[in-house]
Amino acid sequence: MTNEKFTVSSFMESKKKGRKISMLTAYDYTTAKLLDTAGVDSLLVGDSLGMVVLGYENTLQVTLDDMVHHCRAVARGAKRSLIIGDMPFLSYHVSAEESVRNAGRLVQEGGVHAVKLEGGREILKHVKAILDAKIPVVGHLGLTPQSVNMMGGFKVQGKSEEQARAIIEDALMLQEAGVFAIVLECVPAKLARLISERLSIPTIGIGAGSDCDGQVLVMHDMAGMYSDMVPKFAKRYAQVGEQIEEAAKMYIQEVQEKLFPEEKHTFKIDEETLSKLY
Ligand code: KIV
């Protein structure tokens with residue numbers, strides 16, 4: 001790992017060199033700092049924060065203000081990683097002008113380097129307007145969680161010929177529009193491979209097999225901290241949730257048994273001052 005900043009150009013260079021890109025979600029300062037120090041290439045302030053941080057059933061209730069708030073915290077914690085902020089539901093659907101303003105808030109107030117939008121041909125106008133404002137854009141195809149109600153649930157996409165063709169075409173259109181990477185979520189691995197081969201920009205897979213040019217996971221899934229929904233594709237690299245629970249149980253017990261705090265955790269006052277208070 002180098003200390004050199006990972007930039008939009010680094011995404012393209014990585015694809016050319018066949019070097020896989022690592023991306024994880026982050027939503028707060030402390031986690032961003034840990035992941036950045038570990039050497040992750042890119043931090044995604046995903047609207048998945050609606051589920052794993054705010055406890056909503058899906059991502060639809062996440063607002064632009066929520067995103068700005070969390071992006072700002074992540075930006076303070078990361079030095080090397082490229083920070084991407086998700087544009088939340090309805091923040092890039094009304095008009096191109098509003099989309100640019102909203103993307104601009106994530107950059108100006110949130111401190112992100114790029115924004116991510118879900119969808120293909122239907123949002124091209126908005127993608128182009130944001131790019132015209134010189135804000136780098138990442139696409140997101142396949143399972144697009146903001147369309148959960150249209151899709152009838154969190155389901156694998158692109159299994160039929162028609163769906164698969166539509167995803168390929170959308171990927172090519174987004175590339176043509178100028179996005180610098182595309183997240184492929186929950187699509188068959190062989191379709192993701194075909195798309196990755198056809199595109200000159202990198203694909204970042206989540207539930208899309210190992211032939212994508214990079215991978216992204218939700219941090220809470222990767223670290224084993226979120227159990228409300230455990231997707232098949234989410235490998236747990238740690239059991240941080242269990243560790244926190246264990247630590248909390250020990251703490252409760254020590255408080256009840258007066259084992260905590262110990263002498264070393266306390267502050268002193270000199271006896272003379274104290275005697276004056278009685
Ligand atoms: O919101 C998010 O975390 C995402 C990833 C799942 C790619 O969009």
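Contact map, segment 221-233: residues that are part of a helix (DSSP H, G or I) paired with residues that are surrounded by 12 or more Cβ atoms within 10 Å (Cβ to Cβ), Cβ distance under 6 Å, separation 6+ or inter-chain. Pairs shown: ASP221/ALA234. When segment 34-53 is filtered for residues that are farther than 23 Å from ASP228 by Cα and assigned to a loop (DSSP other than H, G, I, E, B), the ones remaining, listed by number, are GLY39, VAL40, ASP41. Annotation note: Cβ proximity below 8 Å between a residue of segment 193-214 that is at positive phi and free of Cβ contacts under 8 Å to residues at least 40 places away in the same chain and a residue that is open to solvent by less than 30 Å² (accessible area, probe 1.4 Å) and within 16 Å of the ligand (Cβ to nearest atom) (sequence gap 6+ or interchain) occurs for GLY209/ALA192. Of the helices (runs of 4 or more DSSP H) lying entirely inside segment 54-150, those containing at least 1 residues that are polar (S, T, N, Q) span 96-108. A Cβ distance below 6 Å, combined with a sequence gap of six or more or placement on separate chains, defines the contacts here; from segment 57-70, residues that are closer than 25 Å to MET151 by Cβ reach residues that are within 12 Å of the ligand (Cβ to nearest atom) and among the charged types (D, E, K, R) in the pairs THR59/ASP47; VAL62/ASP47. Taken over segment 224-268, the criterion of being of a type in the set (Ser, Thr, Tyr), closer than 30 Å to VAL187 by Cα and open to solvent by less than 100 Å² (accessible area, probe 1.4 Å) is satisfied by TYR226, SER227. I'd like the residue in segment 15-33 that is free of Cβ contacts under 8 Å to residues at least 24 places away in the same chain and in a helix (DSSP H, G or I) and, out of all such residues, is farthest from LEU64 (Cα to Cα). Filtering segment 15-33 for residues that are free of Cβ contacts under 8 Å to residues at least 24 places away in the same chain and in a helix (DSSP H, G or I), the one farthest from LEU64 (Cα to Cα) comes out as LYS17. For segment 115-142, residues that are of a type in the set (Gly, Ala, Ser) and either within 15 Å of the ligand (Cβ to nearest atom) or within 13 Å of GLU169 (Cα to Cα) (or both) total 4. A single member of GLY158, GLY142, GLY119, GLY111 is of a type outside the set (Ser, Thr, Tyr), modelled with pLDDT of 95 or more, within 20 Å of ALA26 (Cα to Cα) and in contact with a strand residue (DSSP E or B) (Cβ under 8 Å, 6 or more places away or on another chain), and it is GLY111. Only one entry of LEU191, LEU174, LEU199, LEU217 meets the criterion of being open to solvent by less than 40 Å² (accessible area, probe 1.4 Å), within 26 Å of GLY18 (Cα to Cα) and either among the charged types (D, E, K, R) or within 14 Å of the ligand (Cβ to nearest atom) (or both), and that entry is LEU217. For first residues located in segment 111-122 and more than 14 Å from PHE180 (Cα to Cα), partners that are among the basic types (Lys, Arg) and lie 6+ apart or on another chain with Cβ distances below 7 Å form the pairs GLY111/ARG72. For segment 65-78, the criterion of being within 14 Å of the ligand (Cβ to nearest atom) and surrounded by fewer than 22 Cβ atoms within 10 Å (Cβ to Cβ) is met by at least one residue.
The values are calculated or read from the model by the stated rules, or taken from the named source; none is laboratory data. Note that the structure is predicted; figures quoted are calculated from it, not measured. As a convention, Cβ positions derive from the backbone with ideal geometry for all residues, glycine included, and neighbour counts pool all protein chains shown. Side chains included, ligands, DNA and RNA excluded: accessible areas come from the protein's heavy atoms. Shrake-Rupley method; radii C 1.70, N 1.55, O 1.52, S 1.80 Å.
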